[in-house]
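Colleague: My questions will all concern the structure given below.
The values are calculated or read from the model by the stated rules, or taken from the named source; none is laboratory data. Owing to the predicted nature of the structure, the values given are computational and were not obtained by experimental measurement. Cβ atoms come from the backbone with ideal geometry, glycine included; neighbour counts cover every protein chain shown. The accessibility values were calculated without ligands, DNA or RNA, using every heavy atom of the protein model including side chains. Shrake-Rupley method; radii C 1.70, N 1.55, O 1.52, S 1.80 Å.
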Amino acid sequence: MSNVVLEVRDLKVHFPIPADGFLPKPPIPLKAVDGVSFDINRGETLGVVGESGCGKSTLGRAIMQLIKPTDGKVVWMGEDLTSLDKKVMRLKRKELQIIFQDPLASLNPRMTVGDIIAEPLKSFYPKMKGAERMAAVQEIMVKVGLLPQMINRYPHEFSGGQCQRIGIARAMVLKPKMIVCDEPVSALDVSIQAQIVNLLKDLQEEFGLSLLFISHDLSIVKHVSHRILVLYLGKIMEVADRKSLFSNPRHPYTKALISAALVPDPKLQRTRERLTLKGDLPSPLSPPSGCVFRTRCPISVDKCSEEIPKLIVTKNKNAVACHKGDDIK
Amino acid sequence: MSMESILTIKDLAVSFSTPDGEIRAVNGVNLEVGAGECVGIVGESGSGKSQIFMSVMGLLASNGKLEGSASFYDQNLFALDRKSLNRIRGNRISMIFQDPMTCLTPHVKIGTQMTEVLTYHQGMDQQEAKTKAISMLDRVRIPEAAKRFEMYPHECSGGMRQRVMIAMSLLCDPELIIADEPTTALDVTVQADILDLINEIRSDSNTAIVLVTHDLGVVAKLCDRVKVMYAGRFVESAGVEDLFENPSHPYTQGLLNSMPRLVNSVDEVLPIVPGQPPNLLHLPNGCSFSPRCLQATEACNQASPMLSNIAETHEAACFLLGERENEYV
């Protein structure tokens with residue numbers, strides 16, 4: 001069998017938005033994710049970057065089946081998750097877990113840390129003995145860098161970084177094969193971000209985890225990911241291995257993102273050239289025709305408004321969706 | 001530097017009485033801001049960086065207590081009555097806040113909110129104020145300024161609202177702008193636009209700017225001088241290039257090392273700052289950073305180090321610096 005654990009094919013998530021006006025009209029679809037396809041290999045980290053509203057969180061939730069996809073397939077180890085009924089899907093969550101952005105909000109304030117981490121075990125292995133469960137909880141607490149004697153404390157007694165460790169422990173206690181990380185470090189202080197990033201990398205190495213790492217921070221995505229997917233208005237603009245994406249970005253949006261990211265080095269930062277984008281992000285309710293990026297693109301041509309660019313695969317499975325992709329040096 | 005200082009903060013301490021005890025958010029801070037200068041105040045959440053300027057603007061919460069002084073030219077702001085303070089704040093000192101949604105009144109048109117500033121502080125009539133407000137919206141490059149003037153805040157994107165905030169802060173040609181995390185809530189590309197705008201305003205009008213942020217990238221882009229804050233104190237102060245090239249306090253070094261890099265990145269494990277940010281209710285004895293400091297010695301737990309010069313314009317508060325200087329010479 002190949003190394004691919006997750007295949008996402010032409011995934012679409014459209015939310016119906018009621019139309020304005022006096023007369024009844026059919027709802028307008030908001031295309032949060034619109035035809036996204038990619039693979040994730042065993043032990044691989046796929047970074048997903050894009051600005052707010054590009055659909056990166058919706059993508060993560062649709063993979064987890066927390067939001068029902070409108071169309072497309074999410075094939076996990078050869079099985080299409082979108083076709084499973086609720087009961088069977090629930091069992092798949094032993095293998096597929098998610099950690100969220102806001103570490104405190106994602107923990108039940110009235111449960112102790114021990115109960116929070118033990119909850120998945122209780123739910124999936126109801127026959128497990130109490131002592132055994134306790135041992136498993138303590139083992140994973142040590143793994144994620146929490147002191148086992150903190151087991152009876154409540155979430156509010158912990159700092160943000162520690163809460164995120166609790167969230168990771170809750171996801172890891174089932175020994176999953178893949179974790180969707182939805183902005184796992186964005187809410188944390190700079191000095192704590194590195195701790196959590198290193199922890200995720202260590203866990204990945206030890207357990208051969210696959211990670212879908214969603215973030216708006218390019219520096220962090222660059223640090224953790226093997227491959228990176230750039231989203232804009234629900235569509236893939238570019239997918240590339242980390243090295244090519246940063247040394248040779250092909251899509252103008254990728255270039256703009258990289259050039260806008262700040263570098264903590266005054267001399268370098270003040271001499272960096274920036275590719276500025278025109279205007280604002282268009283409303284996702286009425287995305288531009290053709291290429292969704294064309295209204296802000298510095299190199300768009302007539303063809304861009306007429307035809308949707310296909311994601312064209314180049315070497316090393318890298319791909320770019322741009323009519324001018326060939327001209328881009 | 002012999003330029004006249006606009007803002008002089010001397011021995012400022014801010015404490016809050018809470019049911020759990022007294023919290024010292026700011027603990028003996030000194031700062032001078034000269035005309036046309038851009039000073040960065042960097043620190044993590046809870047370090048007290050915002051509270052310094054909330055107290056300068058007279059916006060401290062009701063359970064807060066102030067010690068020390070903050071002078072605007074030669075007027076002590078803490079000694080002024082409300083009426084005299086209102087002649088200065090919003091007029092000669094203005095402030096830009098982090099969240100542009102909550103800082104604009106949602107049910108009042110942008111235009112009305114802007115002209116109010118001018119009629120109140122400058123005694124302009126409506127027509128004059130309108131002309132000035134629209135020209136200011138134009139200046140911060142808001143397209144169709146006259147149309148935006150008639151809009152409500154919710155009709156604008158986050159980036160637009162932040163531009164409106166900046167336009168508003170510029171209305172009375174202030175001598176000092178305090179920007180508290182002005183781009184934290186924004187997307188990367190929008191952040192870059194706003195920072196460029198702030199830079200432009202600075203070079204055009206010689207306005208002094210205090211930039212409060214957690215992001216060393218923002219500091220690297222804009223500031224002339226930087227102060228690093230930890231647990232209510234400044235732990236290092238230097239010119240911007242000096243700080244990034246020769247970070248001297250172990251906390252500054254730790255912060256810079258733990259940031260993943262976009263340019264010149266390394267694949268190695270990120271060095272971390274261990275531990276958690278301090279609990280302000282129970283600050284450690286001696287140097288507040290000592291529990292997280294890899295180089296701490298017995299002396300560090302005894303007394304709190306003061307800021308002292310390690311070069312002409314470079315100060316740090318660390319007992320180890322004398323020793324380390326000898327090592328490197």
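Colleague: What residue, among those in region B:241-254 that are open to solvent by 10 Å² or more (accessible area, probe 1.4 Å) and in contact (Cβ under 8 Å) with a residue 60 or more places away in the chain, is nearest to the other protein chains (Cβ to nearest Cβ)?
Modeller: If we take residues in region B:241-254 being open to solvent by 10 Å² or more (accessible area, probe 1.4 Å) and in contact (Cβ under 8 Å) with a residue 60 or more places away in the chain, then B:ASP242 is nearest to the other protein chains (Cβ to nearest Cβ).
Colleague: Separate question: Answer with yes or no whether B:PHE234 is open to solvent by 20 Å² or more (accessible area, probe 1.4 Å), touching an Asp or Glu at 6+ places or on another chain (Cβ under 9 Å), within 20 Å of B:LYS49 (Cα to Cα) and not in a loop (DSSP other than H, G, I, E, B).
Modeller: Against the criterion (open to solvent by 20 Å² or more (accessible area, probe 1.4 Å), touching an Asp or Glu at 6+ places or on another chain (Cβ under 9 Å), within 20 Å of B:LYS49 (Cα to Cα) and not in a loop (DSSP other than H, G, I, E, B)), B:PHE234 does not qualify.
Colleague: Also, quick follow-up: Would you mention how many residues in region A:169-220 are β-branched (Val, Ile, Thr), assigned to a helix (DSSP H, G or I) and more than 9 Å from chain B (Cβ to nearest Cβ)? Show your work before the answer.
Modeller: Quick first cut of region A:169-220, residues β-branched (Val, Ile, Thr) only: A:173, A:179-180, A:185, A:190, A:192, A:196-197, A:214, A:220.
Next, from what is left, pick out any that are assigned to a helix (DSSP H, G or I): A:190, A:192, A:196-197, A:220.
Right, trim to more than 9 Å from chain B (Cβ to nearest Cβ) and you get A:196.
Of the residues in region A:169-220, 1 are β-branched (Val, Ile, Thr), assigned to a helix (DSSP H, G or I) and more than 9 Å from chain B (Cβ to nearest Cβ).
Colleague: Taking region B:158-185, which residues are among the polar types (S, T, N, Q) and crowded, with 19+ Cβ neighbours inside 10 Å?
Modeller: Initially, region B:158-185 is screened for residues among the polar types (S, T, N, Q), giving B:162, B:169, B:183-184.
B:GLN162, B:SER169, B:THR183, listed by residue number.
Colleague: Show me the helices (runs of 4 or more DSSP H) entirely contained within region B:155-223 in which 3 or more residues are free of Cβ contacts under 8 Å to residues at least 12 places away in the same chain.
Modeller: Once the helices (runs of 4 or more DSSP H) in region B:155-223 are filtered for at least 3 residues that are free of Cβ contacts under 8 Å to residues at least 12 places away in the same chain, what remains is B:188-205.
Colleague: Still on this model: Looking at region B:173-220, which of its residues are of a type in the set (Gly, Ala, Ser) and closer than 24 Å to A:LEU188 by Cα?
Modeller: Hits for region B:173-220 are B:ALA179, B:ALA185, B:ALA192, B:GLY217, B:ALA220.
Colleague: Hey, can you tell me all the residues within region B:6-58 that are open to solvent by 30 Å² or more (accessible area, probe 1.4 Å) and more than 18 Å from B:GLY232 (Cβ to Cβ)?
Modeller: B:PRO19, B:GLU32, B:ALA35, B:GLY58 - these are the residues of region B:6-58 that are open to solvent by 30 Å² or more (accessible area, probe 1.4 Å) and more than 18 Å from B:GLY232 (Cβ to Cβ).
Colleague: Being open to solvent by less than 40 Å² (accessible area, probe 1.4 Å), modelled with pLDDT under 95 and within 8 Å of chain A (Cβ to nearest Cβ): is that true of B:LEU280 here?
Modeller: Taking the combined requirement at face value, the residue does not satisfy it.
Colleague: A further question on this structure: Right, A:ALA32: within 23 Å of A:LEU281 (Cα to Cα) and either among the basic types (Lys, Arg) or loosely packed, with under 15 Cβ neighbours inside 10 Å (or both) or not?
Modeller: Working: within 23 Å of A:LEU281 (Cα to Cα): yes; either among the basic types (Lys, Arg) or loosely packed, with under 15 Cβ neighbours inside 10 Å (or both): no.
Judged against the criteria, A:ALA32 is not a match.
Colleague: B:LEU211 - would you say it is more than 8 Å from every other protein chain (Cβ to nearest Cβ) and either buried (at least 24 other Cβ atoms within 10 Å of the Cβ) or acidic (Asp, Glu) (or both)?
Modeller: yes
Colleague: Could you say whether any residue in region B:288-297 is part of a loop (DSSP other than H, G, I, E, B), farther than 28 Å from B:GLY21 by Cβ and facing another protein chain (nearest Cβ under 8 Å)?
Modeller: So far as region B:288-297 goes, no, none of its residues is part of a loop (DSSP other than H, G, I, E, B), farther than 28 Å from B:GLY21 by Cβ and facing another protein chain (nearest Cβ under 8 Å).
Colleague: Considering A:THR276, A:THR254, which residue is more than 25 Å from A:GLY60 (Cα to Cα) and either away from every other protein chain (no Cβ under 14 Å) or of a type outside the set (A, V, I, L, M, F, W, C) (or both)?
Modeller: Details: A:THR254 fails: more than 25 Å from A:GLY60 (Cα to Cα).
Of the residues listed, the single one that is more than 25 Å from A:GLY60 (Cα to Cα) and either away from every other protein chain (no Cβ under 14 Å) or of a type outside the set (A, V, I, L, M, F, W, C) (or both) is A:THR276.
Okay, residues lined up against (1) surrounded by fewer than 22 Cβ atoms within 10 Å (Cβ to Cβ); (2) assigned to a strand (DSSP E or B):
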| position | (1), (2) |
| --- | --- |
| A:ASP39 | yes, yes |
| A:SER52 | yes, no |
| A:PRO69 | no, no |
| A:VAL88 | yes, no |
| A:LEU91 | yes, no |
| A:ASN108 | yes, no |
| A:MET111 | yes, no |
| A:ASP115 | yes, no |
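Colleague: Let me ask something additional. Pick from B:VAL226, B:VAL269, B:VAL263: which is within 11 Å of chain A (Cβ to nearest Cβ), among the aliphatic types (A, V, I, L, M) and open to solvent by less than 10 Å² (accessible area, probe 1.4 Å)?
Modeller: B:VAL226
Colleague: Where residues in region A:252-281 are in a helix (DSSP H, G or I) and hydrophobic (A, V, I, L, M, F, W, C), which of them is surrounded by the most Cβ atoms within 10 Å (Cβ to Cβ)?
Modeller: A:LEU257
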